[in-house]
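Everything below concerns the one structure shown next.
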DNA sequence: GAAGGGGATGCACACGTGTTCAAAAGATTG
DNA sequence: CAATCTTTTGAACACGTGTGCATCCCCTTC
């Protein structure tokens, strides 16, 4: 048995298929009794419209493409969750594709989305904006970036949703300085990512405001993952005068740093305070519980999707949305020892 | 400027559009020089075929739907990652939809997938198989379940990929018993889920084989999440004679249990050994590192997708695939104290 | 009673691709 | 040179839906 089409319904109802089409879309053009009768027949036949055929006719697919570096990243997964939810609520379906930060794969994904004629594209945490964005904007389709790592987007078609890194970073530093810390280290990501640059800027700025000296040896770079945090922390502990507090670029780095501290028998927060960034769910289950900056991840996904919906419907909106992070003070920060 | 179609190419090449269609699909029916010339023109015009129109004509969408309870679950995210990768490698795109274990949402998702005419549907960790599977199988589309929680699937259209829970569970128990433990507790999920039932069966079976008594008070139920593990562990510690080792249904539960142990100042593994299940990435960053059962999550996703591809191409295959877990011994298990 | 108007419906076409079949052109064979 | 076969191409239609336009019918109004 094949799929039932509006022609089948038309035959059963003894009308033409345009009438069926209009009846099902509640067009006022068709007599209400006829429409009701048609709808009942449609229901009894288990009719489901073909989104394919509809898309071909209307040139709208009610479909958006989501590019992620990897869905296995808990941060990204949360964002995607927010995207999918709002998309679904508005009758949109999402194509998910992970690029693995692989350029070949990325162009493949763009082509795939193009061929499927998606109505819009969302990109989370793209690390290769430089070559990627122009490729995307060729498609003449709305694009919204989420926490993109490439600073300059000169294109007018590009919109973005980002966390206010500097503000959040400043808050973290205020907290640490308020506790009495003076020797505060920063474990960054690889250089060049916008979020790293901005979080570092907040760090630097807060030091200046407090009138504390900036000590270059207290700034080390990881890779945004636990292993990098581990090594960075080893580096800091090897200093003649280690820091009393460490501000990590993200929770993953903090996790690695924490591991090193365990290994050296250093107590957190009594000996050294530690702060992360992101508030991954893990941060609520480390020992001690991690002080960190909460990003409204799902909400950012929702906002990005809402921005997309507005772009699709042609509403004029702000190009760049900034959202606030929230300092979440748990157990990994305390006043310095002495 | 509109999208360029094969008719545009036909005009430019001074041929008919069927010829273009054949040339682009490398049909032997068209003269090779003509075909080459057409392909060059197509490339120069930046032509991208419309998957929509193609799907309408061929009745195949090269699209599969993936239903997850939530993509924010790290286990599921890994599985999806494996699915997406193999799908992409074979020219398929994936629609992602999370149901939030909400029945209303689930039927909505099924309808959406139906209307989009997906070629197949993958479902991970469905908790409502009872009403869900019949709904899905109406669609006459191949379905593959991954670690589904509903034991009986009487339908012939249903295929599945699961971990061999009993085997893995037995391995865990062998490890603990080998270390010298006799009072081993089991923190389960809510009753009724197949994986919980099976892991418990392995637990029970191993005790019997070792000739140790089964003590009902050592079996408590959580909710598969940290909070449930936390409470379950409190319950165990309140016993007049607490266990010397605890086998948790999954890592999330173990995380909660660990938290309780921290709170009571109980040392892991010196005072109590702890084992999880799943090998989430978190398990590599707890303190102490968690002994657990690794599930080949990405690979299970790949296998499920490969099964799907075979089903789509009509190859006859086994209905139920079982994969082995791998006991990963880290730091949270040791011989009992005395 | 004829003209006009509005409501309800059907016809024809469009969207972009693939496929069957017929036809035209060229090559081969008797 | 005619007949047949092969190669290459185009015409026509299909997929399922939406929409502009014409048509038909019924009601109102003069």
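The values are calculated or read from the model by the stated rules, or taken from the named source; none is laboratory data. Computed from a predicted structure; not experimentally measured. Here the Cβ positions follow ideal geometry from the backbone for every residue, glycine too, while neighbour counts run over all protein chains shown.
Taking first residues from segment B:213-228 that are within 14 Å of chain A (Cβ to nearest Cβ) and partners that are surrounded by fewer than 16 Cβ atoms within 10 Å (Cβ to Cβ) and assigned to a helix (DSSP H, G or I), no Cβ contact under 7 Å between residues at least 6 apart in sequence or on separate chains turns up. Among the residues of this structure, residue B:80 counts as one that is closer than 24 Å to residue B:296 by Cα and at the interface with chain A (Cβ under 8 Å from one of its Cβ atoms). Within segment A:189-209, the presence of a residue that is within 29 Å of residue B:283 (Cα to Cα), within 14 Å of another protein chain (Cβ to nearest Cβ) and part of a helix (DSSP H, G or I) is excluded. A count restricted to segment B:1-22 and to residues that are surrounded by 15 or more Cβ atoms within 10 Å (Cβ to Cβ) and either more than 11 Å from DNA strand C (Cβ to nearest atom) or over 22 Å from residue A:117 (Cβ atoms) (or both) stands at 5. Of all the residues in segment B:254-289, those that are more than 11 Å from chain A (Cβ to nearest Cβ) and part of a helix (DSSP H, G or I) number 1.
Looking across B:55, B:50, one residue alone is within 14 Å of another protein chain (Cβ to nearest Cβ), touching a residue at least 60 places away in the same chain (Cβ under 8 Å) and either within 10 Å of DNA strand C (Cβ to nearest atom) or crowded, with 16+ Cβ neighbours inside 10 Å (or both). It is B:55.
Let me confirm something: among B:91, B:82, which residue is under 17 Å from the mean Cα position of the chain (by Cα) and in the same structural domain as residue B:120 (by TED's automatic domain parsing)? Show your work before the answer.
Numbers: B:91 fails: under 17 Å from the mean Cα position of the chain (by Cα).
Going through B:91, B:82 in turn, just one is under 17 Å from the mean Cα position of the chain (by Cα) and in the same structural domain as residue B:120 (by TED's automatic domain parsing): B:82.
On inspection, residue B:72 passes the criterion of being part of a loop (DSSP other than H, G, I, E, B), more than 11 Å from DNA strand D (Cβ to nearest atom) and buried (at least 18 other Cβ atoms within 10 Å of the Cβ). Across segment B:83-118, the qualifying residues are those that are more than 9 Å from every other protein chain (Cβ to nearest Cβ) and free of Cβ contacts under 8 Å to residues at least 24 places away in the same chain, and the one among them that is nearest to residue B:307 (Cα to Cα) is B:89. Counting only residues that are touching a strand residue (DSSP E or B) at 6+ places or on another chain (Cβ under 6 Å) and assigned to a helix (DSSP H, G or I), how many does segment B:210-222 have? The total comes to 1.
Does residue B:237 qualify as being modelled with pLDDT of 95 or more, under 23 Å from residue B:331 (Cα atoms) and in contact with a helix residue (DSSP H, G or I) (Cβ under 9 Å, 6 or more places away or on another chain)? In short, yes. Quick one: how many residues across segment B:234-253 are touching a strand residue (DSSP E or B) at 6+ places or on another chain (Cβ under 7 Å) and outside any loop (DSSP other than H, G, I, E, B)? Adding up the residues that qualify gives 8. The residues of segment A:37-47 that are free of Cβ contacts under 8 Å to residues at least 12 places away in the same chain and within 15 Å of DNA strand C (Cβ to nearest atom) amount to a single one, A:40.
Does residue A:83 satisfy the condition of being crowded, with 20+ Cβ neighbours inside 10 Å and more than 16 Å from DNA strand C (Cβ to nearest atom)? Walk me through how you get there before you give the answer.
Numbers: crowded, with 20+ Cβ neighbours inside 10 Å: yes; more than 16 Å from DNA strand C (Cβ to nearest atom): yes.
In short, yes.
Only one of the listed residues (B:124, B:63) is closer than 26 Å to residue A:301 by Cβ, within 16 Å of DNA strand C (Cβ to nearest atom) and touching a strand residue (DSSP E or B) at 6+ places or on another chain (Cβ under 6 Å). That residue is B:63. Taking the criterion of being within 14 Å of chain B (Cβ to nearest Cβ) and either more than 8 Å from DNA strand D (Cβ to nearest atom) or over 44 Å from the mean Cα position of the chain (by Cα) (or both), the residues of segment A:5-47 that qualify are A:42, A:43, A:45, A:46.
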